[in-house]
Amino acid sequence: MPLLEVDDLEAAFLFADRTVRAVNGVSFAVEAGEIVGLIGESGSGKSVTVQSILRLLPSPGRIVRGAIRLNGVNLLDLSREQMRQVRGRRIAMVVQDALAALNPVIPIGEQIADVFLAHTQVKRQTAWEKAVGMLRRVGISAAEERARHYAHEFSGGMQQRTVIAAALACTPELIIADEPTTALDVTVQQQILALLQQARSELGSAILYISHDLAVVTHLCDRILIMYAGEIVEQGPTRTLFRSPKHPYTQGLLASIPSLHGDVQEYLPAIPGLPPNAAALPTGCRFAARCTFVQERCRAHHPELVSVGSHHAVRCILYEATTP
Amino acid sequence: MLRYTLYRLLLFVPLLWGLSVVVFVYIHLIPGDPVQAMVGASASQEFVAQLREEFGLNRPLLVQYVDWISGLPAGDLGITFRSRQPIAPLLLARIPATLQLALAGLLIALLVGLPSGILAGLFKNSPFDHLFSILSLAGYSMPLFWLGTLLMVWLGVSWKVLPSQGYVPFTQDPLKNLQYLVLPAVSLGLGLGPYIGRMARAAVIEALQEQYVNYAHAKGLRMRTVVNRYVLRNAMISLLVVFGLNIGFLLSGQIVIEELFNWPGAGRLIVRAVLERDYFMIQASVLIYASIFLAINLLVELLHAYLDPRVQLK
């Protein structure tokens with residue numbers, strides 16, 4: 001049984017005048033201790049998927065269909081209090097904008113101590129000492145003193161370390177990292193990625209890593225899911241996906257990573273056009289309007305996710321025919 | 001914090017000086033001769049000239065200003081025009097009554113406005129929030145003198161449950177004093193309460209949209225912790241700042257209520273000074289009220305700096 005199983009998830013924002021279908025029938029699994037990358041551009045539904053897993057969809061967002069199982073238990077069936085005990089303890093979150101995620105008027109240490117107080121039976125003093133320990137563990141020097149500081153007194157990298165410290169506090173089975181390095185410069189990025197890898201090797205936590213940047217996740221992830229317009233268009237082991245990308249969208253993404261080897265290209269290839277409006281999705285393939293291999297049938301027929309190798313699946317008409 | 005406090009206090013001195021200049025210039029820029037206005041058009045020219053001489057109004061403006069301001073540090077606010085009494089003791093005698101009414105009114109306003117505004121903000125778009133919006137808008141739109149008159153007529157005149165006019169010092173008869181206090185304080189509180197309530201609601205809604213509140217939920221914190229430490233703590237800080245900026249509402253409302261309920265506070269003294277065209281009294285009162293306004297804002301700023309660690313850096 002996988003650690004996390006997202007099964008046919010459909011989430012939508014029900015506005016008065018229109019329905020924005022942000023996530024449409026997404027299914028995937030994360031095994032214990034596995035690092036899975038969820039890749040997609042802005043508006044592809046990756047953040048909504050994550051918010052659905054934690055049941056923290058902002059209003060008027062609703063989970064319309066599907067199941068989200070953690071060790072076989074459907075999170076959508078849990079009571080509010082049961083769900084609260086899952087958040088931060090079994091599934092922890094690391095966010096992109098650490099400064100905005102930290103309360104500006106409460107010392108850093110107290111915000112980590114709050115996690116211990118919410119999930120374990122400890123006294124305030126013990127929780128504080130544990131929080132200081134967590135800060136030390138994510139590599140913040142003079143942690144006792146630093147714990148009394150406020151978020152704005154920390155550098156961007158230290159803010160992100162603080163958020164990771166809060167996430168690791170209760171040894172979660174799954175860490176969801178939503179673009180945790182986007183706001184950081186490259187050297188700090190590497191330190192944060194190393195910290196996440198360390199969490200996996202030391203605590204055995206699985207990681208669902210959300211990003212719009214394929215290059216960043218290459219070395220981190222065991223497996224990659226590519227999302228486009230609210231659905232998964234290709235998934236497979238990182239190596240396979242990089243060696244033989246099948247979906248034209250994945251191929252386009254890979255082509256747009258600047259290379260340090262080989263010929264210097266004058267122009268970096270980009271995928272033309274914009275993703276479709278989630279309030280008015282096309283009936284056929286959602287990538288058809290931007291695809292270089294588009295055929296007549298693509299605009300009418302919505303392709304299924306089909307297997308094209310071991311653990312490798314793709315949602316494209318070009319590969320549907322090859323399967324029996 | 002100590003450095004910041006000293007810095008703000010030091011800054012307060014030139015601020016007060018600037019205020020005195022504005023008040024002085026403002027009073028003296030009013031067109032027409034103040035003495036003529038005070039004694040009326042029928043007075044003889046000789047009488048007017050004599051008064052001008054007596055009050056030193058023939059001297060250059062700068063000399064008059066220096067004369068006025070040099071008395072201020074010692075608490076000399078000048079003398080009234082009609083009775084020729086020193087102004088400072090007159091104002092000072094009114095302080096207990098004014099302070100009592102202001103604090104009681106503020107307390108009622110906070111008791112009415114804070115809990116309802118916070119609840120409305122936390123449960124935005126709930127039936128309670130809609131009810132709150134309607135009631136607070138009604139209270140907010142109702143002029144203070146009208147609200148006070150209604151209460152006075154119902155509770156004081158028709159049902160005769162409370163005295164509607166007058167004042168007894170607390171030291172003389174505490175029970176009577178409180179009876180007299182109820183109507184003006186409730187009027188002031190109900191006038192100011194919806195104002196505070198709406199500010200509190202807005203502050204809570206703003207805080208609820210912050211990412212750190214969402215992240216607090218993602219950490220699995222209990223609802224109580226999220227509301228107290230993440231939502232309210234931040235909302236109350238911004239409420240404090242907005243409240244400081246709007247303190248003039250309380251000060252001006254107080255003058256109206258004092259006049260309406262015959263409450264012998266400093267506000268009534270000002271109203272009388274205006275009616276009698278006592279320029280010296282007006283000048284002194286405006287200076288005092290403006291100083292109180294600035295002092296409260298200073299207090300709010302210091303409190304803000306104490307509560308919000310980001311302030312002292314700016």
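The values are calculated or read from the model by the stated rules, or taken from the named source; none is laboratory data. Not measured: the values here are computed from a predicted model. So basically every Cβ, Gly included, is an ideal-geometry build from the backbone, and we count neighbours across all protein chains shown. Note: areas computed on protein heavy atoms with side chains; ligands, DNA, RNA excluded. Shrake-Rupley method; radii C 1.70, N 1.55, O 1.52, S 1.80 Å.
Descriptive notes on the structure:
- Per-pair calculated FRET efficiency, R0 = 51 Å: A:ALA100 and B:ALA37 via Cβ, rounded to 0.05: 0.30
- Taking chain B and dividing mean pair separation by its residue count, relative contact order in percent (alpha carbons under 8 Å, at least six apart): 25 percent
- Whole-Hz couplings from phi, Karplus 6.51/-1.76/1.60, listed for region A:242-258; x for Gly and Pro: 6, 6, 9, x, 9, 6, x, 5, 4, 4, x, 4, 5, 5, 8, 7, x
- Highest-fluctuation residue, A:ILE257, A:ILE53, A:ILE175 considered, GNM on chain A with Cα pairs under 10 Å: A:ILE257
- Rounded to the nearest 10 degrees, the angle from helix B:45-54 to the longest Cα principal axis of chain B is 60 degrees.
- Put simply, the C-alpha atoms of region B:93-279 give a gyration tensor, and the ellipsoid matching it has half-axes of 37, 17, 15 Å, longest first.
- Per residue, the solvent-accessible area of chain B (1.4 Å probe, heavy atoms of protein chains only, all protein chains present) comes to 53 Å².
- The simple spin-label model puts a point 7 Å past each Cα toward its Cβ; for B:VAL161 and A:HIS219 those points are separated by 7.6 nm.
- In the elastic network of chain A, a GNM with C-alpha springs shorter than 10 Å, the most mobile of A:ASP222, A:ASP97, A:ASP185 is A:ASP185.
- Spin-label pair B:TYR26/A:ALA255, simplified geometry with 7 Å Cα→Cβ offset, distance in nm: 7.1 nm
- Pairs of Cα atoms in chain A fall into 20 Å distance bins, from 0 up to the last occupied one, in shares of 30, 56, 14, 0 percent.
- Rounded tilt (10° steps) of B:61-71 against the dominant C-alpha axis of chain B: 60 degrees
- Relative contact order (percent, whole number), region B:93-279, Cα cutoff 8 Å, 6+ residue spacing: 33 percent
- Rounded if a/c under 1.5, otherwise prolate or oblate - the protein assembly as shown, Cα gyration tensor axes: prolate
- For the pair A:VAL186 and A:SER42 in one chain, pulling the backbone fully straight at 0.36 nm per residue adds 49.8 nm over the alpha carbon distance.
- Signed unit charges on C-beta, dipole axis of the protein assembly as shown, positive-most listed residue A:PHE13, A:ILE224, B:LEU110: B:LEU110
- Potential lengthening between A:SER141 and A:VAL122 on full extension [0.36 nm per residue; Cα-Cα distance subtracted]: 4.4 nm
- 1.4 Å probe, heavy atoms, protein only - residues of region B:290-310 losing at least 30 Å² accessible area vs chain alone: B:PRO309, B:ARG310
- Nearest-0.05 FRET efficiency for A:GLU320 and A:LEU14, computed from C-beta distance (R0 35 Å): 0.60
- Basic side chains Lys and Arg get +1 at the Cβ, acidic Asp and Glu get -1 at the Cβ, and with that the dipole of the protein assembly as shown about its Cα centre reaches some 1060 debye.
- Take the accessible area of A alone and of B alone, subtract that of the pair with a 1.4 Å probe, and the total buried over both chains is about 2200 Å².
- Residue of B:GLY244, B:GLY75, B:GLY191 that the Gaussian network model of chain B assigns the largest fluctuation, springs spanning Cα pairs under 10 Å: B:GLY75
- Inter-chain Cβ neighbour count for B:227-237, averaged per residue, equals 2 (cutoff 10 Å, partner chain atoms only).
- Binned Cα-Cα distances of region A:149-192, short to long, each 10 Å bin given as a whole percent: 26, 52, 21, 0
- Length-normalised contact order of chain A in % [C-alpha pairs under 8 Å, at least 6 apart]: 20 percent
- Protein heavy-atom surface of the protein assembly as shown, 1.4 angstrom probe: 61% of the accessible area is carbon and sulfur, with nucleic acids and ligands not counted.
- Computed from Cα atoms, the angle from the helix A:124-137 axis to the main principal axis of chain A rounds to 50 degrees.
- Residue-averaged 222 nm ellipticity for chain B, from DSSP H runs of 4+ at -39500 (n - 2.57), nearest 500: -24000 deg cm²/dmol
- Efficiency of FRET between A:SER59 and B:LEU275 - r from beta-carbon atoms, R0 60 angstrom, step 0.05: 0.60
- Among the residues of A:101-108, the average count of other protein chain beta-carbon atoms within 10 Å of the residue beta-carbon is 6.
- For peptide B:207-213, the mean count of partner chain Cβ atoms within 10 Å of a residue's Cβ comes to 4.
- For chain A, the per residue solvent-accessible surface stands at 45 Å², with DNA, RNA and ligands left out and a 1.4 Å probe.
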